Amino acid sequence: MNRNDDFLTRRAHLEGLDDQALRERFWSLADRLTAPLLQMGREYTTPSIERSVLLRMGFSSLEAAALVKGCLEHGLLGHGAGHLVYKLGLKRSLPPREAGLELLSGGDWEGAKALFEGGEPA
């Protein structure tokens, strides 16, 4: 039975590869394919993702939404809302939840912002 396509032509560059070489080529191509997706996951976030992180840190949905809104207003969302309350808690010797609640009750957003600019929070 004749194949009516270009399969044999397209596979010519793979003919001399054994199973191990094919396996290595496959994983190399898979890594190249997924690398941009992994990079995007590390570099970009959304309010929805940040609310989800805060929920898992023990904040209520209303608290999480307010913290994310504050992060957006102060240009801090790119650092991660959970990262912000965690880092602020470390700096002030507070659990992350207490640090976040402090921000929500009129806390020092500029001081929190300074954590990511090399400055010291007040």
Notebook entry, point to check: Within region 38-51, which residues are surrounded by 14 or more Cβ atoms within 10 Å (Cβ to Cβ) and modelled with pLDDT of 90 or more?
Noted result: Pro47, Ile49, Glu50, Arg51
Notebook entry, point to check: Which residues, counting only those in region 82-113, are at pLDDT below 90 and of a type in the set (Gly, Ala, Ser)?
Noted result: Gly106, Gly107, Gly111, Ala112
Checklist line | Elements of type helices (runs of 4 or more DSSP H) in region 11-122, at least 1 residues being at positive phi and of a type in the set (S, T, N, Q) | finding: none
Check: Which residues, taken from region 61-113, are surrounded by fewer than 17 Cβ atoms within 10 Å (Cβ to Cβ), of a type in the set (Gly, Ala, Ser) and over 21 Å from Tyr44 (Cα atoms)?
Finding: Ser61, Ser93, Ser105, Gly106, Gly111
Notebook entry, point to check: Residues of region 1-53 being under 25 Å from Glu73 (Cβ atoms) and among the basic types (Lys, Arg), which ones?
Noted result: Arg42, Arg51
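The values are calculated or read from the model by the stated rules, or taken from the named source; none is laboratory data. Here the structure is a predicted model, which means the values were calculated and not measured. Glycine also receives a Cβ, built like all others from the backbone with ideal geometry; neighbour counts cover every protein chain displayed.
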